[in-house]
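**Q** Before I ask anything, let me first share the structure, which is written out below as C-alpha cells.
What follows is calculated from the coordinates using simple rules that are stated; it is not laboratory data. Treat the numbers as computed from the prediction; the structure is a model and nothing was measured. Note that each Cβ is placed from the backbone with ideal geometry, even for glycine, and that neighbours are counted across all protein chains shown.
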Amino acid sequence: MTESTAVQSNEAASFAQKSASQTFNRLLKYTAVRLVTLFVTVVIGVYLTILIANMGGYVDQILKGEIRQGISTAVSMDPALRELSVEQRSEMIADRIRIEEERLGLNRPFAIRSLTYLWNALRLEFGRAMNMTSDSGSRLVKNIILERLPSTLVLFGLSNLALFFTSVFLALALSRHYGSFIDKAVVALSPTSAAPPWFYGIFLILIFAALLRWLPFGGMVAAPPPDNPFEYALSLMRHMILPASSLILSSIFLSIYNWRTFFLIYSSEDYVEMAKAKGLNSRDIERRYILRPTLPTIITSFALLLIGLWGGAIITETVFNWPGLGRTVFRAIGQYDTPVIVASTIIFAYLLAVTVFLLDFIYALVDPRVKVGGN
C-alpha cells in the first residue's frame, strides 16, 4: 500500500512538473509572438505617420520654397549687399540655400530620409524641431514635449479621472433604479455628448468669462504668475474650471448611459438572479456578481483613458489657450514641423502597445476564466 502511494505521489509530481513546463513554454511563446506583432504594428503606424506628416515628400517642396523666398528677401533687403552685381548676389543666395537645405537634411531624397526618421523614432531619438522652440529657447523635440506634458496631465488627468469614476459609480447606482426619473433623464440627455468639448467651451467662455466676468477667458495661470505657491495653485484651479467643465459636460451623460447599460446586461444574468434568490445582500451581489465579471472591461477603459491623456485635445486647448501637448501638436501641424508630430505619435504608439500587452496578463489575474496564451 505504501509502495502504491509512493508511485502515485511520483506520478503526481511528474505531472505537475510537466504541466508547469508546458505553461511556461506557452507563456514564453505567447509573449514572443505578442511582442513581435505589436512591434511590427508600431513600425507600420509610425512610418505611415511620417509619410502623412510629410505629405509623401510634398512638405519638402514647401520648406524649400520658404527657404528660397526667405533667403532671397534677406539678401535683397541687406544694404551691405546692394553694391554686389546680380551674378554675385545670385551665387550668394544659391550658397545660402544649399547650406540651409543641408542643415535641414533636404538635400537627400525623401525616401532615404523617411527611413532615417523611422529608425531614429523607434530609438526615441527625436532630434531637433524644424521651426518650433521651447520657452527656454531649445529646439530639442524632447524639451518641447516635456515642457508641455505637465500642463496636459494636470488638466486632462484630473478631468478624465473625475469623469471616469463619476460615470462608473453613478451608472452603477442607476442600474439599481432602472426606469426611474433620473434614469430617464440621463437617457434623454445622452445625445448632448454629440457636441465636442470645444463647442461647450465656447459657450462657457461667452457666459462665465465675457458676460458674467466670473472666470478668465483662457490661459493656465494669471499673468504675471503669482510667486506664492498657494496663490499659484488657486490661480491654476480658477483657470481650470472652464476647460475641465467643457471636457466633462461633453461626455458625462453618454458615459453614464453606456456604463449603466453595461451593468444592466450583467444584472440580468441567471447567476445574479440565483444570488438574489438565495437572499444575498445587494452590495455583495454588485461586488461579486456584477462588478467582478465586468472588471476587465473597466480596467481596459481606465488604461486607455490614461494613455489617451498623452494627446490632450487639440482644439479644446487652442480655444482655452491652454499650453499643453494638444496645442503644441496643432502648432507643429501648422508649421510643418515633422519631428514634433512624429515624436508625439511614436510615444503614444509605444504607450498603446505596452498597455495592450500588459492588459492580457491583467485579465488573467482578475478573471480566472482567462488564460494567457490559451484559447
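**Q** Listed highest first by mean packing, meaning other Cβ atoms within 10 Å per residue, what order do 247-253, 110-116 come in? Walk me through the numbers on the way to the answer.
**A** On the way: 247-253: 20.4, 110-116: 14.3.
Descending packing order for the listed peptides: 247-253, 110-116.
**Q** May I ask you to derive the relative contact order of segment 33-122, considering only C-alpha pairs under 8 Å and at least 6 residues apart, and to give it as an integer percent? It would help to have the intermediate numbers written out before the result.
**A** Working: 33 pairs, mean separation 35.9, N = 90.
It rounds to 40 percent for segment 33-122.
**Q** How about segment 24-94: which GluC sites (Glu not before Pro) there lie in a loop by DSSP and see at most 12 other Cβ atoms within 10 Å? Mind dumping the intermediate values first?
**A** On the way: sites: 66, 83, 87, 91; in loops: 83.
When the GluC sites (Glu not before Pro) of segment 24-94 are filtered for loop state and at most 12 Cβ neighbours within 10 Å, 83 remain.
**Q** Could you tell me the center-to-center distance, by alpha carbons, between segment 203-271 and segment 77-127 in angstrom?
**A** The distance from the Cα centre of segment 203-271 to that of segment 77-127 comes to 46 Å.
**Q** Let me ask you something else. With viscosity set to 0.890 mPa s and temperature to 25 °C, compute the Stokes-Einstein D of segment 92-202, Rh being the Kirkwood radius across alpha carbon pairs; µm²/s, no decimals. Present the calculation step by step, with values, prior to reporting the outcome.
**A** Details: Rh = 19.5 Å.
D, rounded to a whole number, is 126 µm²/s.
**Q** Right, something else. GNM, the chain, Cα, under 10 Å: largest mean-square fluctuation among 246, 167, 138?
**A** Judging by the Gaussian network model, the answer is 138.
**Q** Return the long-range amide H neighbours of residue 140 (sequence gap of 5 or more, or a different chain), with a cut-off of under 5 Å between placed amide H atoms.
**A** Those qualifying (amide H under 5 Å, at least 5 residues apart or on another chain) are 129.
**Q** Please give the calculated 222 nm ellipticity per residue for the chain, where each DSSP H segment of at least 4 residues contributes -39500 (n - 2.57) and the sum is spread over every residue; nearest 500 deg cm²/dmol?
**A** Numbers: 16 runs with 263 residues, N = 375.
Helices in the chain give a 222 nm mean residue ellipticity of -23500 deg cm²/dmol.
**Q** Any idea how many Lys pairs in the chain come in under 29 angstrom at the alpha carbon, given 8 or more places apart or on separate chains?
**A** Values: 18/29; 18/371; 29/371; 64/142; 184/276.
Taking the Cα cut-off of 29 Å, the pair count is 5.
**Q** Report ³J(HN,Hα) in whole Hz for each residue of segment 284-290, in order, from the Karplus equation J = 6.51 cos²θ - 1.76 cosθ + 1.60 where θ = phi - 60°; Gly and Pro get x.
**A** 5, 5, 5, 6, 8, 10, 10
**Q** From the C-alpha coordinates alone, can you work out the Kirkwood hydrodynamic radius of segment 33-122, in Å? Spell out each step's value before the answer.
**A** On the way: mean 1/r = 0.0643 Å⁻¹.
It works out to 15.6 Å.
**Q** Magnitude of the Cβ-charge dipole of the chain, K/R +1 and D/E -1, about the Cα centre, nearest 20 debye? Intermediate results must be reported in sequence, preceding the final value.
**A** On the way: 33 positive and 27 negative charges, 134 e Å.
Rounded to the nearest 20 debye, it is 640 debye.
**Q** Can you classify the chain as rounded, prolate or oblate using the Cα gyration tensor, where a ≥ b ≥ c are the square roots of its eigenvalues, rounded means a/c under 1.5, and otherwise it's prolate if a/b beats b/c and oblate if not?
**A** Details: a/c = 3.18, a/b = 1.50, b/c = 2.12.
Taking the square roots of the gyration eigenvalues as a ≥ b ≥ c, the chain is oblate.
**Q** Next question. State, as an integer percentage, the relative contact order of the chain based on alpha-carbon contacts under 8 Å between residues 6 or more apart. Don't skip to the end; give the middle numbers.
**A** Working: 340 pairs, mean separation 91.2, N = 375.
Here the relative contact order equals 24 percent.
**Q** A further question follows. Go through segment 213-278 and name the trypsin sites (Lys or Arg not before Pro) that are in a DSSP coil and have 13 or fewer other Cβ atoms within 10 Å of their Cβ.
**A** Working: sites: 213, 238, 260, 276, 278; in loops: 213, 278.
Passing both the DSSP loop test and the Cβ count: 213, 278.
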